[in-house]
Structure formats: structure tokens, C-alpha cells
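Below: one structure, written as C-alpha cells.
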Amino acid sequence: MIHLELPSYRDQSPEVADRFRRLKERPVILEVKGLTKTFDTAQGSVTALKDINFCTHQREFVCVIGPSGCGKSTLVRTLAGLEDYSSGEVLLDGKPVRGPGPDRGMVFQGYTLFPWRTVKKNVMLGLELAGRSRTAAEEEALQWIDLVGLTKFANSYPHQLSGGMKQRVAIARALANQPRILLMDEPFGALDAQTRAKMQGYLLEIWKNIDITVVFITHDLDEAIYLADRILVLKAHPGEVQELIEVPVPQPRNPSQLLSPEFLATKRRLEELIHPPGAETEEGVNGDRLNMVRMVPVNAKVESVF
Amino acid sequence: MNKPWFAVRKELSSRRRTFLAVMSFVFPLLVWSLVSYVPFIWHPQVEVIEAGEVDYFRAGMLVDRTVFEQERETLRAEGRELPTGTRTNPVYLPAPHEVATALYTAFSTEPQRRNEKWLHESLANSIQVIFWGFFLSSLIGVPLGILAGTYVAVSRLTEPFVEFFRYLPAPAFGALAVAILGIHDAPKIAIIFIGTFFQQVLVVANTTRKLDPSLLEAAMTLGARNAGLLFKVVIPGIASDLYRDMRILLGWAWTYLIVAEMIGASSGITWFITQQARYKNFDNVFAAILIIGIIGLTTDLILAWLGRRLFPWQRAARA
């Protein structure tokens, strides 16, 4: 890596430091205490999550990042109540969480829109289940659809929408329930780079304007730094918290910050944590490497690619 | 229009599709016509026109060609009057035009005996039996299948037995059904029920299990629980596949019809077919078989068309 003179990712400008101080004074929405999950396989018991502790404050944006197999999806699914845990506690507004519920909205990577329902009906489902009358549910749903800019597509079916649009519907559907917290499991992972950047912008815009706390899973370092107030870095085998990073990039965010010193400093730190320099020699090298020999004929016209 | 006709899993233009669909009917009809109308293809028998001096020949009689040739040889050697005849197919293979005529006359011919039924009455009877058998089976089978596909407990409680029972051939219950339910339509309906029900439970349960589990998870995070999950997600989610299953199962019900109608007092279209075969009216037999095919195909086309209207969101998946 080219060596750049960067500040430490711990250096915070007075404004940023002040914001974090105020952020931590806000009420705690989600508290995770000693969360551990093991499951049994044919090879014996595997610890997917080990003693995870963290809390998120109201209207905070937390990203969870880690190498593959670190259990970040398991973590968010556990928070959603879709998976059991072995020990520890998950508290939402101080009350323990058991099973899935409308107080925790979830957006999945695979969109998971109901294909037989139109956009409007998809957004209406949660409201219908909450016992809202049809007209009230419809009216409310349309407001959320408007919020994500899909009014024109209210009566379209999911298959008629692009990936980005589908994910906006999924966000509107989760938000329509007015959950305390929005859990997002690599929601933009299946989108192309341009759509993904646009979606990040939309998401920040939505987050700014409504009272919602976000826990966002990603494996994309830039995405995590760009979106998050704080980044929870996990490590694999077992899934443990490595560090909770306070992102020193000032808010509100904009794409021009992607090359700012704070941003790059944070990214360097994340690289160190997730792809530690020594790691390759430990396990990768012999097991997972191309076994290349030169296969270009001696008299080839283009002898070298360099 | 230079696209290849044979490209692996590539769609054809709608003109080609229609053309091929028509050809799928034209081709067998062509083979049938060739065998029927070209005298030197097959035609293993001879229809006697003049008996000549063969004792047992009668005009209009069908004899095997070898027998006919032998008799001719014998007579020629003895210098007696030779029989004449034309090559023909056996009586059980009528020509297309004969069957086409029979399609009309079968409906317009009065039954041979007073207590026998007209063809359309037989048909109506058959359709009624199918309907009740299939309806009663679905009435229990579909909900049970959905529950078995949704709840593991229901699945474990029902499916092992159903799995066992579906290997028992429905016709084997014929005698039992007659003993219990009498000789009229009831045992026939029972046979169709037995033939359909056990398959139906398994097929519906499987279809239900194929529903994308992430949709259920999404619904649960939106606050759906047992009943809400079942009625707002599971049932609408599988509705279109369920509909397709029912179309296939209805086809199976038709195959059981023929067996069902043989037991007890023979009735319906099967009775018509066996009766006509007894009179050697094979053109009527073919006509009746064709009618079953036509009814089946028409029902299926109507159901397919209805399905497209009922499930508009499915269109993309197919295109």
C-alpha cells in the first residue's frame, strides 16, 4: 500500500467530538448484553457469536462490518428475533426481545417483497396486520411510498421494478410500521455500484428526516464509513466484537468526503482490522492460492502484459 | 427470421410457437391418415366384395390377407370363380373421416334400448362424477396439504400415512366401495376421491413448503403471526402454484374416471365406450375417446386463461 500521511482515526474535530458526546446522552434504544449464540453441527458445537456487547442511541446510525463468517448476518437476524440465542440479552427500550415483531423493521438483501401484492399493498401489509382500517392503511402507505419517491409505481407489481426501486419499497414497507429500529442486512449488496451510491444517499436523507435508529450490516468498508455514526467491527471464528469505531467524518455526509483524510484514516483502520497483514500467512497461503505457471508460448506476439 | 429453431431454452417467436402447436396435432393426424388412406401401407386385411366360390366368404366380410390369397390360389388352381376384394384395415382402426362423422352421429343416434342413455347424457354423468370426486377431495385435501406444508407437526401426523395410502391403487377399493356405497354414482365418486386425495395432500404440502421462507421472515418482522401469516402470506403466496397443481390433479382425476365407471353399474362415457365396442362400432369408440381429450384440453385451456387473469403478477416470471 502506498504510504499516505493520515491522521489517526481517533482524532476528532471539536464539532465531531461534541456530536458524539451529545449522541451518547440520547436515550438508549437497543442494548445487547453478552449475546452468545452456539449451534450444533455434525462436527460439534460452533460458536457463531460470542459475548457481543453494544448499545445504540436514539436516531443513531450503526454499521456492523466484519470478514465473511463473522456472524454479522446472524447478529442482525438475532436482533430481529428471527434466530434464537444461547445466552445474553437483547433489550429494546429496556425490554427483552423475544421473537420477531413490528417494533423492529427489517430490510433484507433479497428484497423479499410479496410478488402477489402491488407496491402499495406491500407497504400496507404491516398496517393491515396492526389492525388499521383499509382506507387508513392505504392513505398511510401512500405517504411512505411518496417518501421513497415511488408514487408513480404504487400500483405496479414488484417484478416490474428495478432492484433499487424494490429495495426502496422494502424500506418504505419496514418504515410504515414506525418501528423503533430499522435493521438492514446488506440491503444494497445486490445492487450495482451506481444504484448503490444513490441508495446510500436516499437512505441518509430518510434517516435525517424521521425518528429512526438504524443498524446496517455491510461488508463494504466505504459504505460503512459513509453511512455510520459508529461502526461495530466483528471478527470471525468466533464472532466477537473487535472494536466500536466512532467515525470521525463530520455529519452531514456527502460524497466529496470519500477522499477526506478522516475518511481514509478510518478506512485504513478498518483494513487493518478486517484484513490484518499477517492473516494471509497464517491460513490462506498454501490452501487458497492460484497455482500459476507461465502458459504463454515462447514466440507469442505479446510476450508480457507489462 | 434466421434465428435457429433449436436453441437451448431460447424462446421462439409467437408465429413459430403457434405453427408448432398446430403441427403437434397435424403430425399424428397425418400418420393416421397415411395408414388409413394409402392402400399399400399396412392394410393387413381384405374386405370381400364378391365371395366367388369360397364357401364361407360373404360380401363385406373382412379376412386376413394371407387367408384371402391362399383361397385365391386354391381356386385358381382348380379353375373356379375367384373372389374379389380390397385391402383394408382391421375394424378397430377406422379412418379419420369415419371418426369425424361418428363425432356427429354418436350424439344424434338414438340409443339401442329404451333404458340406455344418449351420449350427451353419459357425458354429463361422467362430468358430474369427476366434479364431485375432485371437489370433495379438494375440500379436505387442499387445507390439509397447506397445513402439512406449514406446520411440521401436521406434516408428521398425516404424511407418513398418506404416503403409505397413496400406493394402494384406487381401483382396488372398487368392490369395497360398492359394498358400502351401493352401485350407483357414490362408489365411483369414492374411487376418484381415493385416487386424487392422497396425491393431492402430498402435492399441496410440497408446494406450500416451496414458498420462499424469506417471505415468511419478512412478514414476521412486519408483525405477522400464526393466522395472519397463514392467510396473508402462505395462502396468497402459493395460490398460483396451487392453481397449477389443481390443473394437473384434475387430469389425474380423469384417468381414475374410467376405472371408477367400470365398477358397480357401468355408467357414463365408459359405459358408452364398452357398449359401442361390443357392437363393434369402433368409430364411435374413437369418437368418445376423442371427446374426453377435447373436454380435458378445453377445460385446461380455460383454466390456464383464467389463471393468467387471476394471477397477473405471474406474467413476468413466465416471460
Response to the item:
Heads up, the stretch A:171-306 by the C-alpha gyration tensor (a ≥ b ≥ c square roots of eigenvalues; a/c under 1.5 rounded, else a/b over b/c prolate, else oblate) looks prolate
Worksheet item: GNM, chain B, Cα, under 10 Å: largest mean-square fluctuation among B:Leu303, B:Leu215, B:Leu290?
Response: B:Leu215
Discussion item. Using only the alpha-carbon atoms, how far is helix A:119-129 inclined from the longest principal axis of chain A? Give it as 0 to 90 degrees, nearest 10.
Written reply: 60
Worksheet item: Residue by residue through the stretch A:135-142, which ³J(HN,Hα) values in whole Hz follow from phi under the Karplus form 6.51 cos²θ - 1.76 cosθ + 1.60 (θ = phi - 60°), with glycine and proline marked x?
Response: 5, 4, 4, 5, 4, 5, 4, 4
Worksheet entry | Degrees separating the helix B:282-310 axis from the principal Cα axis of chain B, which is the longest one | 20
Item to complete: Rank these for me by crowding, B:Thr150, B:Thr299, going from fewest to most other beta carbons within 10 Å.
Response: B:Thr299, B:Thr150
Worksheet entry | 222 nm mean residue ellipticity, helices alone, for the protein assembly as shown (DSSP H n ≥ 4; -39,500 (n - 2.57); rounded to 500) | -16500 deg cm²/dmol
Item to complete: Could you tell me the distance between the Cα centroids of the stretch B:11-54 and the stretch A:38-93, to the nearest Å?
Response: 71
Worksheet item: Which whole-number percent is the relative contact order of chain A (Cα, under 8 Å, 6+ apart)?
Response: 24
Practice prompt. Please report how far the C-alpha centroid of the stretch B:219-258 lies from that of the stretch A:185-263, rounded to the nearest whole angstrom.
Written response: 41
Practice prompt. Tabulate in residue order the Karplus-calculated ³J(HN,Hα) for the stretch B:177-191, using 6.51 cos²θ - 1.76 cosθ + 1.60 with θ = phi - 60°, rounded to whole Hz; enter x for Gly and Pro.
Written response: 4, 5, 4, 8, 10, x, 9, 8, 6, 4, x, 5, 4, 4, 5
Worksheet entry | Proximal lysines relative to A:Lys267, as straight alpha-carbon distance under 17 Å, when same-chain residues fewer than 8 apart are discounted | A:Lys235
Discussion item. Given a Förster distance of 45 Å, report the FRET efficiency between A:Thr135 and A:Leu91 from their Cβ-Cβ distance, rounded to the nearest 0.05.
Written reply: 0.80
Discussion item. Contact order normalised by length for the stretch B:106-318, with contacts defined as Cα pairs under 8 Å and 6 or more residues apart; what percent is it?
Written reply: 26
Worksheet item: In what sequence do B:Ile273, B:Ile49, B:Ile248 fall when counting other Cβ within 10 Å, fewest first?
Response: B:Ile248, B:Ile49, B:Ile273
Fill in: Order of B:Ser126, B:Ser13 - criterion: other Cβ atoms within 10 Å of each residue's Cβ, fewest first
B:Ser13, B:Ser126
Worksheet item: When chain A is treated as a GNM, springs tying every alpha-carbon pair under 10 Å, which of A:Gly131, A:Gly189, A:Gly110 comes out with the largest mean-square fluctuation?
Response: A:Gly131
Response to the item:
Expressed in angstrom and rounded, the centroid-to-centroid distance over alpha carbons for the stretch B:148-211 and the stretch B:266-289 is 30
Worksheet item: Which length gain, in nm to one decimal place, applies between A:Asn299 and A:His237 when the Cα-Cα distance is subtracted from 0.36 nm times their residue separation?
Response: 17.4 nm
Worksheet, complete the sentence: If amide H atoms are modeled at 1.01 Å from N in the peptide plane, then the residues at a separation of 5 or more from A:Met106, or on another chain, having amide H under 5 Å from its own are A:Leu183
Discussion item. Can you give me the long-range amide H partners of A:Cys70? Hydrogens built in the peptide plane at 1.01 Å from N, cutoff under 5 Å, separation of 5 or more residues or another chain.
Written reply: none
Discussion item. With a cut-off of 8 Å between alpha carbons and a minimum separation of six or more residues, what is the relative contact order of the stretch B:45-88 in percent?
Written reply: 53
Worksheet, complete the sentence: With +1 on the Cβ of every Lys and Arg and -1 on the Cβ of every Asp and Glu, the dipole magnitude of the protein assembly as shown about its Cα centre, in debye rounded to the nearest 20, is 1180
Item to complete: Compute the long axis of helix A:163-176 from its Cα atoms, compare it with the longest principal axis of the Cα atoms of chain A, and write down the angle in degrees, 0 to 90, nearest 10.
Response: 50
Practice prompt. Please compute the net charge surrounding A:Pro27, taking Lys and Arg as +1 and Asp and Glu as -1 over other residues with Cβ under 12 Å from its Cβ.
Written response: -1
Fill in: Most mobile of B:Phe272, B:Phe165, B:Phe282 in a GNM of chain B (Cα contacts under 10 Å)
B:Phe165
Practice prompt. Net charge near B:Phe198: determine it from the other residues with C-beta under 12 Å of the C-beta of B:Phe198, scoring Lys and Arg +1 and Asp and Glu -1.
Written response: -1
Worksheet item: Considering only Cα-Cα distances, which of the following residue pairs are longer than 22 Å: A:Lys208/B:Lys232; A:Lys72/A:Lys121; A:Lys72/A:Lys120; A:Lys121/A:Lys152; B:Lys117/B:Lys280?
Response: A:Lys208/B:Lys232; A:Lys72/A:Lys121; A:Lys72/A:Lys120
Fill in: Cβ-Cβ FRET estimate between B:Lys3 and B:Ser24, R0 fixed at 25 Å, reported to 0.05
0.80
Item to complete: Report ³J(HN,Hα) in whole Hz for each residue of the stretch A:152-157, in order, from the Karplus equation J = 6.51 cos²θ - 1.76 cosθ + 1.60 where θ = phi - 60°; Gly and Pro get x.
Response: 5, 9, 3, 9, 8, 8
Practice prompt. Under 18 Å Cα to Cα from A:Lys95, which lysines show up? Leave out anything in the same chain fewer than 8 places away.
Written response: A:Lys33
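Readers should treat all values here as calculations from the given coordinates under stated rules, not as data from a laboratory. Remember, predicted model here, so these are calculated numbers, not experimental data. Cβ atoms come from the backbone with ideal geometry, glycine included; neighbour counts cover every protein chain shown.
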